Structures are given as C-alpha cells and as structure tokens.
Amino acid sequence: MAANAIDQTRRMLSLVTYLRERPGAHVSDVARAFGITEDELISDLDVLPMCGTSFRGGDLLDIDTDGDRIWWHNPDDVAEPLRLAADEATALLVAARAVATLPGLRESDRQALLRATAKLEAAAGEAAGASSRLSVIFESEGGVFAEVDRAISERRRLWLRYYSPARDELTEREVDPIRLFAVGHTYMEAWCRLSEARRTFRLDRVAEIRLLDAPAAPPELELRDLSEGLVQPSAEDPEVVVEVGPGGRWVAEYYPHDSAEELPGGGMRITLRTPAPASLRRLALRLGGDGRITSPPELAESARRAAGEALAAYDSVGTDTVGAPDRERGRDQDRDPGVGGTGP
C-alpha cells in the first residue's frame with residue numbers, strides 16, 4: 001500500500017538529515033535504511049531539489065544522484081539558523097494550533113505538534129501574543145482528509161455518505177482507502193465495497209465519514225499514473241460528440257478528446273470518450289446556447305430533458321415573483337431547442 005502524504009513528509013525530512021551526515025551515500029543503502037524501494041527513494045530525490053529556505057537558486061537543496069550514489073553539494077549554504085519575521089511566526093502559530101484541532105489526527109502527532117508549538121511560542125515572544133487573538137476553522141474537507149489519512153495509516157475501512165454529481169444523489173458505502181492525491185482537488189483512491197471496484201472520491205463531496213473497526217483489505221492493484229491528469233479516457237469508453245459555437249471552444253482545451261473539427265462560424269465538433277457519459281449533462285447545461293450534445297441520441301435527449309426541467313423551475317419562480325412577461329419569456333425559451341446545449 002502506498003505511503004500517505006504525512007508519512008512521506010516525515011521520511012523526506014529525515015532524509016535531509018541522513019544525507020547531510022553521509023555524503024556520497026549509496027542509493028541501495030539509503031533505501032534499505034528507510035525501508036523503501038530504490039524507485040521510491042529516487043522519487044523523493046526528485047522532489048528535494050525544489051525545497052529550501054527560499055525559492056532563490058542558492059537557497060534550494062542541491063541534491064543529485066548518478067543512480068548509485070547520492071551527493072548533496074550545498075549542505076552548508078542552506079543550514080543557517082532559521083529566523084522568522086513576526087508575521088511568519090504568527091502565521092506558523094495560528095496554523096499549528098488549527099492543525100492540532102483536526103479530528104482524526106493521531107495522538108502522537110498531536111502531542112509532537114503541541115510541543116513544537118510551545119517552543120515556537122517561547123522563541124516568538126510578542127508575536128505569540130498576537131497569534132493568540134487569531135484562529136482558523138477548517139472546512140469539512142480538512143476533517144475528511146484527517147480521517148482518510150488516519151484510515152490509511154491504521155489500515156482501517158471507512159464508511160461514507162458521498163454525493164455523486166453524475167446521478168445527483170447521496171450514496172452510502174464502505175471503502176478500503178488506498179491513497180490520497182491532489183489533482184486540482186484532493187481525492188481518495190479506494191476499493192469500493194458497494195461496486196466491488198476501484199473508485200476515486202473527491203473529498204469535498206464526502207457528506208459524512210466514519211472510521212470503522214474492520215481492517216482495510218483492498219486487492220493488490222497497480223497504482224494509476226496521474227501525470228497526465230485524473231481523467232484519462234480509454235478506447236473502450238463510450239464516444240460522445242459535442243458541437244459548440246465560438247463561446248464554447250474552451251471545451252476542447254479542458255476536456256481530453258479524440259478530435260476537434262472546425263465548423264462554419266467559428267464553432268467546433270468535438271469527439272471525446274468518457275466512462276460516465278451521463279456526467280456530461282452538466283456540461284451541456286453549462287454551455288447553454290453555446291453548445292449541444294449530438295451523440296449518442298439518448299444522452300442528447302437526457303440533456304434536453306434536464307434543460308427543460310431547469311427552465312420549468314425557473315418559469316415557476318417567474319410566475320410567483322414577476323408576472324406575465326417572464327412567463328411568456330420562459331415559454332419562448334422552452335420552445336428554443338438550443339437551450340441546454342442539446343438542440344439542433
């Protein structure tokens with residue numbers, strides 16, 4: 001099972017100290033000392049040169065490897081004592097106190113954080129007093145993240161109430177978490193016991209979460225390569241054709257697609273594939289008069305119905321609050337086949 005983000009951060013912090021004391025260390029020896037594979041170590045070494053006391057070149061860690069040994073070329077340049085300005089100390093103290101309140105945080109981590117906070121308070125002096133007047137409350141995603149991270153660390157199953165935008169419904173399910181990752185939003189990859197398949201869950205769509213006593217036992221799965229993005233359609237996925245006007249050309253920039261054919265007047269015919277075609281109904285509604293789904297026919301009709309229902313709801317509001325002119329305008333829109341992105 002992949003290490004979670006907190007475990008990786010701990011390892012990389014320890015790795016800096018380890019390499020400073022062992023110039024020219026062998027890759028195999030370091031990997032064995034940290035209980036990881038050589039590939040995982042090389043991945044960490046790819047990240048460390050982006051870390052340092054600032055983003056100026058001389059302040060970044062100059063660490064590289066020839067595949068056999070690891071060299072740190074500027075350990076003394078980045079080892080000056082850390083000095084914090086008052087605003088930096090305040091920000092750190094506020095953040096530390098907020099993180100210490102997260103649900104699901106392991107008690108050992110919480111105590112370590114509180115000890116570090118106390119030391120920082122003593123060093124910060126007057127800035128510590130200013131920070132005590134500030135507080136941060138995390139949105140629900142922060143608590144969800146902590147629960148997922150704890151479940152991964154303790155290899156325990158999770159119960160979720162999860163909102164699926166494609167079906168516009170809340171579902172309850174038990175999942176065995178595999179890893180956390182971020183691609184624009186923060187996601188959990190897990191083995192879903194409801195569908196008996198690997199699924200990806202966006203944390204801000206988790207309405208409720210509970211850590212279970214049952215052990216997590218996901219099957220051995222090869223982790224997906226996310227370097228090209230979260231959505232990576234395959235040739236077996238259903239094909240969808242979307243025609244857009246000049247105002248909808250952005251679809252070709254944001255959605256992976258098989259082809260984008262120019263149309264008269266500055267429009268485009270975009271052919272793409274998706275494992276969940278129903279999720280594109282929201283795209284059709286978002287496009288409005290700037291686009292329409294033309295294939296498959298059942299998806300086009302589904303998007304048309306969704307547009308009609310949205311217009312009917314709008315018309316109902318207009319009837320209650322505005323009057324006849326809005327009702328007539330609503331009827332005109334309802335007759336317009338282009339509304340909702342599904343008309344000819």
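Table for the structure above
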| item | result |
| --- | --- |
| Residues located in the stretch 168-195, provided they are more than 24 Å from P277 (Cβ to Cβ) and open to solvent by 70 Å² or more (accessible area, probe 1.4 Å) | E172, E174, A182, R193 |
| Criterion: farther than 13 Å from P296 by Cα and exposed (fewer than 15 other Cβ atoms within 10 Å of the Cβ) - qualifying residue of G267, G247 | G247 |
| Flag for S195 being at pLDDT below 90 and over 30 Å from G291 (Cα atoms) | yes |
| Members of the stretch 6-32 that are of a type in the set (A, V, I, L, M) and open to solvent by 60 Å² or more (accessible area, probe 1.4 Å) | L13 |
| Where a residue in the stretch 25-40 is of a type outside the set (K, R) and its partner, wherever it lies, is open to solvent by 60 Å² or more (accessible area, probe 1.4 Å) and part of a strand (DSSP E or B), with Cβ under 7 Å and at least six apart | A25/R69; H26/R69; V27/R69 |
| Checklist (1) of a type outside the set (A, V, I, L, M); (2) modelled with pLDDT of 80 or more; (3) open to solvent by 30 Å² or more (accessible area, probe 1.4 Å); (4) farther than 30 Å from R198 by Cα applied to E88, failing item | (2) |
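The values are calculated or read from the model by the stated rules, or taken from the named source; none is laboratory data. Computed from a prediction, not measured in an experiment: that's the story for all the values here. Note: ideal-geometry Cβ built from the backbone for every residue, glycine included; neighbour counts use all protein chains shown. Note: accessible area is taken over every heavy atom of the protein model, side chains too, but ligands, DNA and RNA are not part of it. Shrake-Rupley method; radii C 1.70, N 1.55, O 1.52, S 1.80 Å.
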